[in-house]
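One structure is given below, encoded as structure tokens.
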Amino acid sequence: MDMLTHELLVAIGMGLLGAVIFSAVGLVSGTDETTTMAPATLLVVLLGVPPVGIFTFWLAAAVSKHMTHAIPTALLGIPGDTMAVPLMQQATELRNLGVPHIALRKMVASALIAALIAVPLSVLFALLIAPFGQKITSAAPWLFLIAAVLIARFSSGRWASVFLLIPFVALILALQAFTAGYGTKLSISYFLGIAVGPLVADLFSALSPAERARMARSGPRRVSIAPEVKGWKGYFPNPLKVLDGTQLRAVAGAAVVSSATFVFSPVAMTVVLGEAVAARIRHPYHRLTTVLGVRNGVTESTYIAEAMIPLIALGLPLSPVAAGPAAPLFNAPPRFSVDAAGEHIVNLHTLMSPGQFLVYGLLAVLLAAVVAYPLSMNYARSAAVFVSRHISHEAIIATFVGLVLVIGLWEGALLGVLVVVVVGLVGGLLYRAFGFNSGVQFMGYYAAVLSVPALLKLFA
């Protein structure tokens, strides 16, 4: 078997694995992308999977999750993940009108169309930026600092997040100095701590009598699921026929814009582009369905562009998605690394060509379409009923907690676990109290390990 055939088979296998796993994870409401995708991708990297397999796994997982997260959002009235939160208003209004199945179809079809548009556009925009890559790379420490401030400023925490970068960076530096005193240098543990921060904060809160009383509920939550209505024949409905002409143009235009503006917050782009489309449509019902489709399409295109453009053009995680859910594609020692000056990069940027990113990116989208798209369109109600009745949210969380503990112990034994808990607890509490989200925290970590040494060198 030649190398090309081997790579293709690996990519197909890993893409299917990512699509299947995260199609299921997307059905579980409230599962954060960073908490779930990042540790799973990190495990794939550390297991030695070939680069094309890693990339296909991540992208198929992202596309699949942002299709199936529409099911709890549209049918249960519970956001499937953090990216589904901006979709709740329109989804709730359509559910109140008795047409949640229409909302679901528009969301899923828009996601697939936006993903197919975003992959080639991301490669194109990356090639346009690539000629300036050397200059950008040499300025990497300063770019990380600027990016950290900008991402913090436009996060939900606003100026609080900007100023919280200072103590958070100081915490990272202090923990680095502490573990170095025992001859242990950690990197993955910081990343994991940030990824599972809200979860760690919730687990500690459950141990507090006051917080446990606040979290208590009088009874189990009751969920009503609308009957399933199928308006097509066959297994794979044509997404181009699910949307009308106006909606197709709106979804395509939003995908183009969000693929180009890859440095901004995905949630912010989802809200802004949805509002821009809403302002142009007068009919209330048509406005609701169009805005919902556009916003779910943007959840796909932003995730794809914000991972692929920095990967192809720079090899540096200079976007909120690249610094969060896609971080293992850039930095996963000892296999992938980015040095302080950004001059010695070993990750998918150096291991894959732009042509490979295009081919395997489209392959990942197609694999996600084969798995997640018909599942969402044909079996949404059945899947929602099964998850709400039989799948324990706590079991899903426990699975990822176990994965995080295993990786922390592997990297630094008890010191690794200590760093995960400390960074997770502080980061989770800061997120809960100030909106200091994981994207900002990741940029704070990169500022600590890349920008601070450059600053000290400059002033020295």
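The values are calculated or read from the model by the stated rules, or taken from the named source; none is laboratory data. It should be emphasised that the depicted structure is a prediction, and the values quoted were computed from it without experimental measurement. Methodologically, a virtual Cβ is constructed for each residue, glycine included, from the backbone with ideal geometry; neighbour enumeration extends over all protein chains shown. Quick note on the areas: whole protein, heavy atoms, side chains included, nothing else; ligands and nucleic acids left out. Shrake-Rupley method; radii C 1.70, N 1.55, O 1.52, S 1.80 Å.
Numbers for the structure displayed
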{"read-out": "Evaluation of Pro100 against (1) under 21 Å from the mean Cα position of the chain (by Cα); (2) open to solvent by less than 10 Å² (accessible area, probe 1.4 Å) (one fails), failing number", "value": "(1)"}
{"read-out": "Count of residues meeting criterion [over 15 Å from Ser110 (Cα atoms), under 14 Å from the mean Cα position of the chain (by Cα) and part of a helix (DSSP H, G or I)] in region 71-87", "value": "2"}
{"read-out": "Residue in region 288-298 that is crowded, with 18+ Cβ neighbours inside 10 Å, more than 20 Å from Ser451 (Cα to Cα) and charged (D, E, K, R) present", "value": "yes"}
{"read-out": "Count - residues of region 15-49 that are over 30 Å from Tyr431 (Cα atoms) and in contact with a Leu (Cβ under 9 Å, 6 or more places away or on another chain)", "value": "2"}
{"read-out": "Residue that is touching a Leu at 6+ places or on another chain (Cβ under 7 Å) and modelled with pLDDT under 85, where the choices are Gly361, Gly342, Gly324", "value": "Gly342"}
{"read-out": "Any hit, region 414-421, residues being surrounded by fewer than 22 Cβ atoms within 10 Å (Cβ to Cβ), at pLDDT 80 or above, under 16 Å from Ile146 (Cβ atoms) and over 24 Å from the mean Cα position of the chain (by Cα)", "value": "no"}
{"read-out": "Of the criteria (1) in contact (Cβ under 8 Å) with a residue 12 or more places away in the chain; (2) in contact with a strand residue (DSSP E or B) (Cβ under 8 Å, 6 or more places away or on another chain); (3) farther than 22 Å from Met37 by Cα, which one Ala278 fails", "value": "(2)"}
{"read-out": "All positions within region 175-221 that are open to solvent by less than 70 Å² (accessible area, probe 1.4 Å), within 19 Å of Trp410 (Cβ to Cβ) and not in a helix (DSSP H, G or I)", "value": "Thr184, Leu186, Ser187, Val196"}
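Per-residue answers, yes or no, for (1) without any contact (Cβ under 8 Å) to a residue 60 or more places away in the chain; (2) within 17 Å of Pro317 (Cβ to Cβ); (3) open to solvent by 20 Å² or more (accessible area, probe 1.4 Å); (4) not in a helix (DSSP H, G or I):
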{"site": "Ala130", "(1), (2), (3), (4)": "no, yes, yes, no"}
{"site": "Gln134", "(1), (2), (3), (4)": "yes, no, yes, no"}
{"site": "Thr137", "(1), (2), (3), (4)": "no, yes, no, no"}
{"site": "Pro141", "(1), (2), (3), (4)": "no, yes, no, no"}
{"site": "Phe144", "(1), (2), (3), (4)": "no, yes, no, no"}
{"site": "Ala148", "(1), (2), (3), (4)": "no, yes, no, no"}
{"site": "Ile151", "(1), (2), (3), (4)": "no, yes, yes, no"}
{"site": "Phe163", "(1), (2), (3), (4)": "yes, no, yes, no"}
{"site": "Ile166", "(1), (2), (3), (4)": "yes, no, yes, no"}
